[in-house]
Structures are given as structure tokens and as C-alpha cells.
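Just below is one structure, and these are the notes that go with it.
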Amino acid sequence: MPHHIVVIGGGITGRLVGFRSSGATILDWGPPPRNDRLTRSYGTNYLWEPLLDIPCRAFQVVTHVDGQIPTEESILAYKRKINKLGDGGDWSRQFQHETTGYDIEEMPQIPILYQRRIVEINPVARCVIDSTGYVHFYDRLVSTVPMPSLLALLTNMPPPLSMPKFQNDPIYVKIGPRPPDAPYPEDVLYVNYLSNPDVPSYRVCDRFGERHWEGLTDMGLAPTKMLKPGKIHPHPHTEMWRQMLSTYDIYCFGRYATWRPDELVHETYREIVQWANSL
């Protein structure tokens, strides 16, 4: 007998879950999008690997720090600027001077119920109540929303242990036209990390006819987009919570849902595929 799956969040991760889980109900708090531009279209976001069964195109990526080929010294200076010296990510790959990136050519068209903000999750009754008052019963619940948001919605569960707050820094993105003196052709994605602490933006990216500035403040500009939670910082108990939630058939997918700062989309998708195949 098929399991009914309810997914919280209709962004890229929620759509990928829906793509691999036929018949899933996907709930999103926002209105229907005016276009299909997802948050990963803002700033320096691209796939490190293509996704299984989803058409992806490849392109060249060139990475600099302060306009030069990255060195250990310049990378450390940049990490110091954004307060991530303890970052456990794959530095060698992130700052590789020349590499290949990928982008999704066309997102799977998945039915999504919009303007359905979740107001309560009852894991004992296995149901989700949305802002319209509708009760969605499920066999398995998938969360793609930030972990602290999920935990705040749970009822009839022991409260989480007292522990430090989740820490994050919103990212501000300003988008403008790619300038005529851009250093690389338009079909090359160019990333320049900025280590100078006196420069408000920490990264500039030329991507396909646009220039994107990213900062942890508004950079003195009117930002095009503010991404939240933005940069997230590790928390010591997230894996314990994920294990506890799975005992109630609640599963977390995506960087923010798992609260793993270095998780990448292709890694998330690999976990989704494995999970869906196990059902």
C-alpha cells in the first residue's frame, strides 16, 4: 500500500522530494511565484554535480579571491572576514580556480498548494494543520524548512533539551547588469571572494548577463533580495533531533532543514533518492 507523504516547503528541495515521491502533497506558505526563479538563482549558487534524471547544463566556473588565483592565505583571510574559520567544508573544491558547474535546465513541474502556512504539527496524530484550518494526515512527513521553524511547530512531544540558540546571518543580494569590463565571457560564471573587512560585500559573481553582490549587511545598497536564514552556523544537537524526528516518521532534507552549513544540493538530492527508493 503506498504511503501518503506530506512535504513542508515548495522550494527546490520540496520539488525534488515531490519529483521522487509520486503523489506527495506539497505545502508552501507563500503565494504562487510570478516566475520560476528559485532562491538558488540569487548570488553564487550553482550545482557542483548534475542531478539524476533531471536535465542539467554544464558551464565553466572561474574563482578568484580579491581578483587573484586563490591561495591558502587569501582563503583564510576571507573566512576570517565572514567568521567561518572553523568551516569544515571542502575548501579545495570551493576555491578551485577553474572548474565545471551545472544548472538545472528545467525544474520538474510538481503540484504545490500555495498560501498554506503550517500552524501545527501533531506527530502523535500524524497530521499537519495549515493556515486555512485544513488538517493533512500523513504516513510520512518531510520538512524542507529551517530546523528551528519545524521544532517550533511540533506539539505532543517532549520539549527539546535546553541548548544554545540557532545562529544565522541573513544574506543580502544586490543584482545589476553585468558591466562591459567584466573579466570573463558571459557564458562563464565568475566568482570573486572579497577578503577586505572594510568592503561591505563578501562576494561578487558574474552570472549569465548579471552581476550579483552578496553581503551580510545591506552593503549600503537597496538589496534585490534578502535570503533567510542565509549563512547558518553549526549546532551541536541537530543530528540528535533528526534521529528523534525520524522515529515519528518526520524526515528533514536540505541544508536548512538539516541545519548543516556545508550541505550541497547534489548531496541533498542523493539522500532524497535513497530515501524515496527505500519506501
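What follows draws every value from the coordinates through simple rules; no lab data is involved. Everything numeric here is computed off the predicted structure, so don't read it as measured data. Every residue, glycine as well, gets a Cβ built from its backbone with ideal geometry; the counts of neighbours run over all protein chains shown.
When the charge dipole of the chain is built from unit charges on Cβ atoms (+1 for Lys and Arg, -1 for Asp and Glu) and taken about the Cα centre, the candidate among 64, 268, 235 whose Cα reaches farthest toward its positive end is 235.
Ordering 219, 247, 192 by Cα displacement along the dipole of the chain toward the positive end leaves 247 in first place; charges were set at the Cβ atoms of Lys, Arg (+1) and Asp, Glu (-1). In plain terms, the chain from residue 80 to residue 181 could stretch by 33.4 nm, reckoned as 0.36 nm per residue minus the Cα-Cα distance.
In whole percent, what relative contact order does region 56-125 give with Cα contacts below 8 Å and a gap of six or more residues?
Details: 50 pairs, mean separation 32.4, N = 70.
This gives 46 percent for region 56-125.
Rounded to the nearest whole angstrom, the semi-axes of the ellipsoid equivalent to the chain, taken from the Cα gyration tensor as √(5λ), stand at 34, 21, 18, largest first.
Residue-wise HN-Hα couplings along region 124-134, as the Karplus relation 6.51 cos²θ - 1.76 cosθ + 1.60 with θ = phi - 60° gives them from phi, are 6, 7, 6, 8, 10, 10, 9, 5, 7, x, 6 Hz; Gly and Pro carry x. For the pair residue 277 and residue 249 in one chain, pulling the backbone fully straight at 0.36 nm per residue adds 8.5 nm over the alpha carbon distance.
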